[in-house]
Amino acid sequence: MEYRIITPEERALLEAAGCHFEDDAVVETSAPETLKYIRRVRFSGHVRFGRFAASFTLPGGLKKHSGLRDVTLHNVTVGDDTLVENVSNYIANYDIGHDTIIENVDIILTDGESRFGNGTDVSVLNETGGREVRIHDRLTAQTAYLAAMYRFRPKLIEQLNRLADEYADRVKSDRGHIGNHVWIRNTRAITATRIGDHAVLTGVSRIRNASVNCNADAPVYIGHGVIIDDTIICSGSRIEDNTTFLRCFIGQSCHFGHGYSASDSLFFSNCQGENGEACAIFAGPFTVTHHKSTLLIAGMFSFMNAGSGSNQSNHMYKLGPIHQGTLERGAKTASDSYILWPARIGAFSLVMGRHVTHSDTTNLPFSYLIEQQNTTYLVPGVNLRSVGTIRDAQKWPKRDGRKDPDRLDCINYNLLSPYTIQKMVKGSELLRNLQYASGELSDLYSYHSTKIRNSSLRKGLELYRTAIIKFLGNSVISRLSDLPEGASDEQIRALLRPSTPVGTGKWADLSGLIAPKSEVNRIIEAIENGTIASVQQINDEFAALHRSYYTLEWTWAYDLISKYFGFDPDKATAEDIVRVVEQWKEAVVGLDKMLYEDAKKEFNLASKTGFGADGTVREKEADFEQVRGVFESNSFVTAVLDHIRAKTALGDGLIARLRR
């Protein structure tokens, strides 16, 4: 776009419209024919503006023409067809895009150089420092996980911080930016902030040293009473209703409101927070807290739902708030639960009651931790048969609200994976060792400050084995999905043979990304030695690792087949695979029947208490059915039955092909 300095005649025209020019004012335009839409503007420094030819239709049908009215501009560029009016103080050192509305604002200012929140250190997990994550626009849950948790590799931390600073220096500027198609209304102070395209800010109290990264596919909305300092907000997020953030990172498609407050915390994709409070937390994807009485502090979470009144303590009145804890993926807290850090809760576990004994149940996933008379009782594996666990696993991918084609976080939704199965394998060994050490007839077993009842231990072993068989069977059947009829044993072995040696050994969950530890170490070493030389290259490496999940998963599962099915997969025959499928069918149907029975509890007589006010038993049941439906036609129940039929047919079909 070509600009030219306004002529003396054009300046006189503007002065006649109530405009004022400071002594240092240099005013340029690209469309002098639309100067008539500029009124009562004070020009200072270098000001540029484009044409003002378009009109905006506001909610309710009111129309306003683009232009500049009742505003002081100092070193500002304004794009085509933008409306700026009623700025009570001034706008200084800003570039404003086209087709944007800014009205009823107090001040918009950049004073000196700013990195707009990039390069800010967020003290997660340990309030006193030591696990700082240096945030930037391209930060992912995976990179943040390395920065927070791999402090024992100082070279890695040094390189991650250096790359973050390099990125922050590239975006550093003495001019703020407001993008195209932005709407800023009734907002008080915007200071040293970059605002992306299609953002909406209405009624915001303050936003300072921040970046709002969004686009036409995934706008950001920031609403009434919000205060944001030293924070980065990613695309598709919505923040409203007096929410406060101080030194935070808000990932893609997060939603916060109803007075939520957070400091020194990281929230990654699809997190939600309402009413409560967070301090120094690492909230991986789908961390959700909705209740006013809930405090999340100094913890690492993902796929987590915090019940009302959930609370944690991160100090024991000795050296301050230095303790931390982890609820691994899918863990939940029930209402009024409490955990005294340090503690580590296994994946997909449920915490009920108050726990002060610093439990570590990482190798016993899908468990209940229940407090009775100040004692923590552990029920291993019981969550595998919970309808709530399966419902959660089904809803997460459906609730992924990311519309931005450039997705930052890598998210694996699998309930059963090498990460959880390896823990079940270890957990099974652990439980058997407890049986051996204390005797099979012992009433109670002690493990890591918890108590396990005999019946719970035996049931846990059974559930873990069933889940392992289901996972391995799923993997085998998926691998043989293209098996032709009449295939020889050698053809079966060729299909089963892994296509890569990568994937064996321990797997890790990097806040949503499930991957072999060996590949994580490879990426870490490449960062340390400088082979990976930018934040985007780190993201690309994790994305490639995420895409190869199923290939690497099979390599890991292949090594486990002989242990659980009793044959060497290198010498597999059709009959070996038939036995695998038969056991898999039994496991799948067995677990589904447990889910069916668990779902039935939601429709028993006790669940109908409170229905049919002032009526008979028949009216109570009729009222319940009108509100909750009938068990047999419930969508989840029918899905379980359909799953049983589909998986049975799938297994029978493969067996038929093998036997032909």
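Observations on the model:
- The residues of segment 282-294 that are in a loop (DSSP other than H, G, I, E, B) and in contact with a Cys (Cβ under 9 Å, 6 or more places away or on another chain), listed by number, are Gly284, Pro285, Phe286, Thr287.
Rundown of residues vs (1) surrounded by 24 or more Cβ atoms within 10 Å (Cβ to Cβ); (2) farther than 18 Å from Thr128 by Cα, yes/no style:
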site	(1), (2)
Gly309	no, yes
His315	no, no
Gly320	no, no
Glu328	yes, yes
Ala331	yes, yes
Ser337	no, yes
Pro342	no, no
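- Flag if Val640 is modelled with pLDDT under 65, within 36 Å of the chain's Cα centre (by Cα), assigned to a helix (DSSP H, G or I) and among the aliphatic types (A, V, I, L, M): no
- Residues that are β-branched (Val, Ile, Thr) and in contact with a Ser or Thr (Cβ under 8 Å, 6 or more places away or on another chain) occur in segment 377-384; there is at least one.
- On the stretch given as segment 177-213, residues that are in a loop (DSSP other than H, G, I, E, B) and touching a residue at least 60 places away in the same chain (Cβ under 8 Å) total 6.
- Scanning segment 328-387 for residues that are outside any loop (DSSP other than H, G, I, E, B) and charged (D, E, K, R) gives Lys332, Arg344, Arg354, Asp360, Glu371, Arg385.
- Condition check for Arg493: of a type outside the set (A, V, I, L, M, F, W, C), within 27 Å of Ser548 (Cβ to Cβ), at pLDDT 90 or above and surrounded by fewer than 20 Cβ atoms within 10 Å (Cβ to Cβ): yes
- Looking only at residues of segment 118-131 that are polar (S, T, N, Q) and more than 22 Å from Ser235 (Cα to Cα), we find that the one that is surrounded by the fewest Cβ atoms within 10 Å (Cβ to Cβ) is Thr128.
- Identity of the residue in segment 132-152, in contact (Cβ under 8 Å) with a residue 24 or more places away in the chain and part of a loop (DSSP other than H, G, I, E, B), that ends up surrounded by the most Cβ atoms within 10 Å (Cβ to Cβ): Leu139
- Any hit, segment 374-384, residues being over 25 Å from Trp507 (Cβ atoms) and either charged (D, E, K, R) or without any contact (Cβ under 8 Å) to a residue 40 or more places away in the chain (or both): yes
- Residue within segment 402-416 that is β-branched (Val, Ile, Thr), under 18 Å from Leu513 (Cα atoms) and under 19 Å from the mean Cα position of the chain (by Cα) present: yes
- In segment 271-281, the qualifying residues are those that are crowded, with 23+ Cβ neighbours inside 10 Å and not in a loop (DSSP other than H, G, I, E, B), and the one that is nearest to the chain's Cα centre (by Cα) is Gly273.
- Some residue of segment 393-409 being in a helix (DSSP H, G or I), of a type in the set (D, E, K, R) and touching a residue at least 60 places away in the same chain (Cβ under 8 Å): no
- Ser481 vs. criteria under 19 Å from Val588 (Cα atoms) and surrounded by fewer than 22 Cβ atoms within 10 Å (Cβ to Cβ): yes
- Any hit, segment 530-542, residues being within 20 Å of Leu156 (Cβ to Cβ), of a type in the set (D, E, K, R) and over 25 Å from the mean Cα position of the chain (by Cα): no
- Some residue of segment 488-497 being closer than 27 Å to Asp406 by Cβ and not hydrophobic (A, V, I, L, M, F, W, C): no
- Qualifying residues in segment 153-176 (those that are of a type in the set (D, E, K, R) and not in a loop (DSSP other than H, G, I, E, B)) - the one farthest from His74 (Cα to Cα): Lys155
- From the options Ser359, Ser302, residue that is at pLDDT below 95, under 30 Å from Glu462 (Cβ atoms) and crowded, with 24+ Cβ neighbours inside 10 Å: Ser359
- Tallying residues that are on the phi < 0 side of the Ramachandran plot, at pLDDT 95 or above and not aliphatic (A, V, I, L, M) within segment 108-127 yields 9.
- Residues of segment 295-327 that turn out to be under 16 Å from Thr361 (Cβ atoms) and not in a loop (DSSP other than H, G, I, E, B), as a count: 7
- Candidates Glu525, Glu519, filtered to the one that is loosely packed, with under 15 Cβ neighbours inside 10 Å and without any contact (Cβ under 8 Å) to a residue 60 or more places away in the chain: Glu525
- Of all residues in segment 90-116, those that are out of contact with any His (no Cβ under 8 Å at 6 or more places or on another chain), under 17 Å from Asn209 (Cα atoms) and surrounded by fewer than 19 Cβ atoms within 10 Å (Cβ to Cβ) total 5.
A quick yes/no check of all residues on (1) more than 30 Å from Ser386 (Cβ to Cβ); (2) free of Cβ contacts under 8 Å to residues at least 12 places away in the same chain; (3) of a type in the set (Asp, Glu); (4) crowded, with 16+ Cβ neighbours inside 10 Å:
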site	(1), (2), (3), (4)
Gly530	yes, no, no, no
Gln537	yes, yes, no, no
His546	no, no, no, yes
Tyr550	no, no, no, no
Pro569	yes, no, no, yes
Ile577	yes, no, no, yes
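The values are calculated or read from the model by the stated rules, or taken from the named source; none is laboratory data. Treat the numbers as computed from the prediction; the structure is a model and nothing was measured. As a convention, Cβ positions derive from the backbone with ideal geometry for all residues, glycine included, and neighbour counts pool all protein chains shown.
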